[in-house]
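Novice: Dropping the structure in here first, questions after.
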Amino acid sequence: MSQRQYEAFDEQDKPSSDIIRDCVHCGFCLSACPTYLETGNELDSPRGRIYLMNSALHGEIPMDGSLVKHLDMCLGCLACEPACPSGVRYGSLIAAGRSQIERRYERSSFEKIYRSTIFSVFPYPRRLKLMLPFIYIYQKIGLRSLIQSSGIINRVSKKLASMEEMLPEVESPIFPAELPEVIPAKGKRRYRVALLTGCVQSVFFSRTNDATARVLAENGCEVLVPQNQSCCGALSVHSGRLSEGRDFAKLTINTFENLDVDAIVVNSAGCGSAMKEYREILKDDPLYSDRAEDLSEKTKDIMEFLAEIGLSAEPKELSLKVTYQDACHLGHAQRIKEQPRQVLKEIPGLELIEMPEADLCCGSAGIYNLVEPEMSQSLLERKINNLRQNEVDYLVAGNPGCLLQIQKGIKNHKLNIKTAHPVELLDWSYRGAIG
């Protein structure tokens, strides 16, 4: 019998054998990988998953439960990439491996419906807006407290329970006013930028978008806010739904490419990471490859951009103790670690206290906390244990998923700590008011 017994992978978005060969199995990735730190299982490490993908690539293992289990267990946090001395582009491999699973593996009926529901709602701001009144009523009439205390959802499905727990607190059933299409710079214009408003960000974290626009304007930036923006594709790309992610990427390119701007500013780590990946996921598209390269080049995280241009407006005193959580797709994928801390340190009176394992994943990871609730909860507990080691007023992070996840842990442990995006603190400083 020939060595090649199985056809686990097909040719569409196949994991690159060249990238796989870059891995020398040195093991430097092990201490950086959150799932390996939790399980101690070699197959839950980057090099273990690369071994599995290589075996599948050569027809040595089938597309079965074991391969799927260990690739599904990956957070996609990319902590392994900066730790790797060989420069293995693991993110490309896991995205391709997951795309094979999404297209070729037959999940259970519940899993298919559950995942389909997630991707039918979360990437669409208009659909999320329609949910606001229902979530508001559900929370305000006490139904949420009743259902949570009864434990009934947990008995039905831990995944559904995790989804319910992740619902953000909705303060009003009415969606707040959208940002105007053009926000003028204060004083002399230094730069002209476009702002990505995001899906979850625009609906549940509109205050972060408002703060971002105000801070940019305060620092001499004219801000363009394209109306009717689509999802950037981050959730799809990072979950292996590459075809869907490419479609979203093309819509985003169509929206932003003709704007005469110095940068496209993003305040969500996952979105910024995905947009910087457009050059990779659309490299073989003759109509979009060059355009994707241009957009990726212009994409800047808000804290990255502020650190680059320097603050022209002087922050006022803000007496707060703050700790910073490195969102994975900011710290690891985009390698943006010092810039947010640098900007925060420019706020007078603010004390920045480093948290142990600040760059270890909190367990949010896109939709990971919805599809792998047990591992997600383990990582959240680890994060909360690190958070409570210092007395702080706020934990700040540059990604809405991280904030929702950590808010859940803070609430469950009854800690007197609030959460915010770092740009919000700068906005409070300029306005002279917290919140």
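Novice: State all residues of the range 270-321 that are within 22 Å of the chain's Cα centre (by Cα) and of a type in the set (A, V, I, L, M); if no residue qualifies, say none.
Specialist: Ala274, Met275, Ile281, Leu282, Ala292, Leu295, Ile302, Met303, Leu306, Ala307
Novice: For the condition in contact with a helix residue (DSSP H, G or I) (Cβ under 9 Å, 6 or more places away or on another chain), part of a loop (DSSP other than H, G, I, E, B), among the β-branched types (Val, Ile, Thr) and closer than 23 Å to Met375 by Cβ, what is the one hit in Val68, Val88?
Specialist: Answer to the selection: Val88.
Novice: Based on this model, can you work out whether Leu75 counts as in a loop (DSSP other than H, G, I, E, B) and touching a helix residue (DSSP H, G or I) at 6+ places or on another chain (Cβ under 8 Å)? Write out each step before concluding.
Specialist: Details: in a loop (DSSP other than H, G, I, E, B): yes; touching a helix residue (DSSP H, G or I) at 6+ places or on another chain (Cβ under 8 Å): yes.
Answer is yes for this residue.
Novice: Is there any pair linking a residue in the range 393-409 that is crowded, with 24+ Cβ neighbours inside 10 Å to one that is among the acidic types (Asp, Glu), with Cβ under 7 Å and at least six apart or on different chains, and which?
Specialist: Qualifying pairs under 7 Å: Gly398/Asp301.
Novice: A further question follows. Within the range 272-280, is even one residue of a type in the set (Gly, Ala, Ser), out of contact with any Cys (no Cβ under 8 Å at 6 or more places or on another chain), at negative phi and not in a helix (DSSP H, G or I)?
Specialist: Quick first cut of the range 272-280, residues of a type in the set (Gly, Ala, Ser) only: 272-274.
Retained after the next criterion (residues that are out of contact with any Cys (no Cβ under 8 Å at 6 or more places or on another chain)): 272-273.
Add one more test, that the residue is at negative phi, and what stays is 272-273.
This time we only want the ones that are not in a helix (DSSP H, G or I), so: none.
No, every residue in the range 272-280 fails to be of a type in the set (Gly, Ala, Ser), out of contact with any Cys (no Cβ under 8 Å at 6 or more places or on another chain), at negative phi and not in a helix (DSSP H, G or I).
Novice: If you don't mind, there's one more thing I want to ask. Give the residues of the range 180-207 that are within 23 Å of Ser312 (Cα to Cα) and within 25 Å of the chain's Cα centre (by Cα), sorted by residue number.
Specialist: Val193, Ala194, Leu195, Leu196, Arg207, listed by residue number.
Novice: Return a yes/no flag: does the range 188-195 have any residue that is closer than 27 Å to Gln139 by Cβ and not assigned by TED's automatic domain parsing to the domain that holds Glu424. Don't jump to the end; show me each part of the working.
Specialist: Filtering the range 188-195 down to residues closer than 27 Å to Gln139 by Cβ leaves none.
Scanning the range 188-195, I find no residue that is closer than 27 Å to Gln139 by Cβ and not assigned by TED's automatic domain parsing to the domain that holds Glu424, so the answer is no.
Novice: For the structure I just gave you, tell me whether Val396 is in a strand (DSSP E or B) and at pLDDT 95 or above.
Specialist: Yes; evaluated as a whole, the condition is true for this residue.
Results for (1) touching a helix residue (DSSP H, G or I) at 6+ places or on another chain (Cβ under 7 Å); (2) farther than 24 Å from Ala263 by Cβ, shown as yes or no for each residue.
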position	(1), (2)
Glu280	yes, no
Gly310	no, no
Tyr324	yes, no
His332	yes, no
Asn369	yes, yes
Lys383	yes, yes
Leu387	no, yes
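Novice: Within the range 362-420, count every residue that is among the polar types (S, T, N, Q) and in contact with an Asp or Glu (Cβ under 6 Å, 6 or more places away or on another chain).
Specialist: Number of matching residues: 2.
Novice: Would you point out which residue out of Glu374, Glu338, Glu354, Glu293 is outside the structural domain of Val225 (by TED's automatic domain parsing), surrounded by fewer than 16 Cβ atoms within 10 Å (Cβ to Cβ), within 20 Å of His238 (Cα to Cα) and not hydroxyl-bearing (Ser, Thr, Tyr)?
Specialist: Checking each option against the conditions leaves just Glu374.
Novice: Now a separate question. Any residue at all in the range 104-118 that is modelled with pLDDT under 90 and assigned to a helix (DSSP H, G or I)?
Specialist: Scanning the range 104-118 turns up no residue that is modelled with pLDDT under 90 and assigned to a helix (DSSP H, G or I).
Novice: Residue by residue through the range 1-36, note down the ones that are part of a helix (DSSP H, G or I), out of contact with any Asp or Glu (no Cβ under 7 Å at 6 or more places or on another chain) and either under 30 Å from Glu244 (Cβ atoms) or in contact (Cβ under 8 Å) with a residue 60 or more places away in the chain (or both).
Specialist: Across the range 1-36, the qualifying residues are Ser17, Asp18, Ile19, Ile20, Arg21, Asp22, Ala32, Pro34.
The values are calculated or read from the model by the stated rules, or taken from the named source; none is laboratory data. For clarity, every value in this text was computed on a predicted model and none was experimentally measured. Heads up, the Cβs are rebuilt from the backbone with ideal geometry, glycines too, and the neighbour counts pull from every protein chain shown.
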